[in-house]
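Following: one structure in structure tokens, then a few remarks.
The values are calculated or read from the model by the stated rules, or taken from the named source; none is laboratory data. The model shown is predicted, which means the values in this text are computed figures rather than measured ones. Virtual Cβ from ideal backbone geometry, glycine too; neighbours counted across all protein chains shown. Heads up: the accessible areas ignore ligands, DNA and RNA and are worked out on the full protein's heavy atoms, side chains in. Shrake-Rupley method; radii C 1.70, N 1.55, O 1.52, S 1.80 Å.
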Amino acid sequence: MPILLKRHHYEVFSSIFKCQREARRDIRWKELQNALCAVGFVASKPGKGSKRTFLSTGPWARVPLCVHKPKNNVFCGRAQDGLRVLLAARYGWCRSTFSTEA
């Protein structure tokens, strides 16, 4: 059963998982943070540095997701590829996991 998201949150995951050919775009850090919160993560900043931890509150609560905040606040394609691999390995998420609300 897919996770239903609002359109702007779906666009973030669509870019990460390359749901459509034209979907890949640079994602602002705040957009990524809001999209992860929309699927059940709670953001926290443990200590100093750029590392941000997202604790899962959803049914897939396993290991916390650690992401480094980019210096320019833009999550580029290369960083999205790394996050995609992480989300697929830890939570089993793929393109078909997400759907937009009708």
Here is a list of conditions, (1) under 20 Å from K6 (Cβ atoms); (2) open to solvent by less than 40 Å² (accessible area, probe 1.4 Å), and V67 meets all of them except one; can you say which number that is? (1)
Only residues that are assigned to a strand (DSSP E or B) and hydroxyl-bearing (S, T, Y): list them for segment 27-52, please. S44
Tally up the residues in segment 15-40 that are at pLDDT below 90 and not aliphatic (A, V, I, L, M), please. 8
Conditions: (1) closer than 23 Å to G47 by Cα; (2) without any contact (Cβ under 8 Å) to a residue 40 or more places away in the chain. L83 meets all but one. Number of the miss? (2)
Return yes or no: is K30 loosely packed, with under 15 Cβ neighbours inside 10 Å, over 23 Å from N72 (Cβ atoms) and in contact (Cβ under 8 Å) with a residue 24 or more places away in the chain? no
Does K30 count as on the phi < 0 side of the Ramachandran plot and in contact with a helix residue (DSSP H, G or I) (Cβ under 8 Å, 6 or more places away or on another chain)? no
Go through S44, S56 for me and flag whichever is among the hydroxyl-bearing types (S, T, Y), surrounded by fewer than 18 Cβ atoms within 10 Å (Cβ to Cβ) and modelled with pLDDT under 90. S44
